[in-house]
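Structure, as structure tokens:
The values are calculated or read from the model by the stated rules, or taken from the named source; none is laboratory data. What you see is a predicted model; the values in this text were computed from it and never measured. Counting neighbours? That spans all protein chains shown, and the Cβs are built from the backbone with ideal geometry, glycine included. Accessible surface is based on the protein model in full, side chains and every heavy atom, while ligands, DNA and RNA are left aside. Shrake-Rupley method; radii C 1.70, N 1.55, O 1.52, S 1.80 Å.
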Amino acid sequence: MNKIDEFEELRPLLFSIAYRILGSVGEAEDAVQETWLRYDGSATRVASAKAFLSATVTRISIDVLRSARVRREEYVGPWFPEPLLSDPYEDPARSAELADSVSMAALLLLERLSPLERSVFVLREVFDFGFDEVAAAVGRSEAACRQLLVRARRHMRAGRPRFEADGQERQELATRFFDALRGGDVGGLRDLLAADVQLVGDGGGKAPQLARAVSGTENVARLLVSVIPLLARIGVTFEPREINREPGAIFRDRDGKVLHVLALDVVDGQIRTIRSVINPDKLGHLGPVADAWAVDRQVKQARLADHR
């Protein structure tokens with residue numbers, strides 16, 4: 001194959017590596033594009049296109065992540081990864097690892113790791129690269145990479161819940177959740193939420209949030225039932241979709257523009273966390289973005305009309 005064909009065949013893998021390291025669709029796409037430019041501009045014939053391109057996209061992603069971490073420290077409110085509707089890379093032999101590693105919860109755990117730990121974990125644990133390939137990609141010895149992986153695994157295990165629902169159970173629970181949401185069924189929502197459930201929003205200071213952080217079954221259920229019917233009244237709709245390989249939904253304004261994304265974290269048969277991403281900078285890859293401030297004004301007007 002020529003360079004273009006080789007690159008296009010490996011593009012899904014390169015994006016999937018970059019997204020897991022960066023947690024950003026836009027930054028991952030930029031890293032993949034920069035990888036192509038370096039590959040196309042290289043006069044050296046590489047022995048393995050996969051090894052060369054994977055190492056290149058990893059190094060680029062590490063550099064981007066180091067500068068991104070500084071920005072994330074100054075981020076207004078909670079920071080969540082950019083929602084991903086579909087992971088372009090598939091490998092039946094690694095399907096469980098691929099699905100688990102791209103969830104919102106897993107990506108937030110990866111944020112706790114250093115860029116090198118994160119990259120080693122992604123390459124070795126998720127994509128099953130050999131330690132020689134990992135070492136070449138991150139520019140460290142194999143022994144150093146083994147130590148980085150040990151530390152990364154320790155952090156990831158410490159933050160993971162003990163019990164996780166299977167795919168079918170998550171989907172059934174999500175269907176019940178969204179049915180209860182549509183019907184304004186507080187009791188139905190209570191039955192699905194964990195006692196310590198959290199509803200957390202990521203607006204980045206650029207959009208009004210459904211909630212910065214609300215916790216507890218009763219508080220979360222009542223907040224959802226107080227807001228969702230008002231949104232429906234002004235033409236906001238939502239469509240259940242898989243978000244980062246987990247149940248979720250995309251909310252749209254009356255013109256069909258993306259308002260925000262909701263992702264459900266299901267653990268041990270209950271919804272443990274509801275994450276809302278409404279920062280417009282994180283939604284552009286999903287389509288035209290709604291004016292969340294205008295929607296917020298309409299919701300407030302609808303609420304005032306109820307109290308007159």
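Worth a mention:
- Residue list for the range 235-254, filter: basic (Lys, Arg) and in contact with a Leu (Cβ under 7 Å, 6 or more places away or on another chain): 241, 252
- In summary, residue 298 fulfils each of the numbered conditions (1) within 23 Å of residue 186 (Cβ to Cβ); (2) assigned to a helix (DSSP H, G or I); (3) polar (S, T, N, Q) with the single exception of condition (1).
- Test: residue 237 is touching a residue at least 24 places away in the same chain (Cβ under 8 Å) and among the hydroxyl-bearing types (Ser, Thr, Tyr): no
- Subset tally (residues that are touching a residue at least 12 places away in the same chain (Cβ under 8 Å), of a type outside the set (A, V, I, L, M, F, W, C) and assigned to a helix (DSSP H, G or I)) for the range 1-40: 16
- Scanning the range 78-106 for residues that are open to solvent by 30 Å² or more (accessible area, probe 1.4 Å) and polar (S, T, N, Q) gives 86, 95.
- Among the candidates 43, 47, 51, the residue that is over 12 Å from residue 115 (Cβ atoms) and part of a helix (DSSP H, G or I) is uniquely 51.
- The criterion of at least 3 residues that are open to solvent by 10 Å² or more (accessible area, probe 1.4 Å), under 27 Å from residue 301 (Cα atoms) and in contact with a strand residue (DSSP E or B) (Cβ under 7 Å, 6 or more places away or on another chain) is met by the following strands (runs of 3 or more DSSP E) wholly inside the range 182-289: 213-215, 237-243.
- Flag if residue 173 is part of a helix (DSSP H, G or I), farther than 23 Å from residue 66 by Cβ and out of contact with any Lys or Arg (no Cβ under 8 Å at 6 or more places or on another chain): yes
- Residue in the range 21-32 that is modelled with pLDDT of 95 or more and open to solvent by 50 Å² or more (accessible area, probe 1.4 Å) present: yes
- Residue that is open to solvent by less than 40 Å² (accessible area, probe 1.4 Å), over 29 Å from residue 274 (Cβ atoms), at pLDDT below 95 and hydroxyl-bearing (Ser, Thr, Tyr), where the choices are 42, 67: 42
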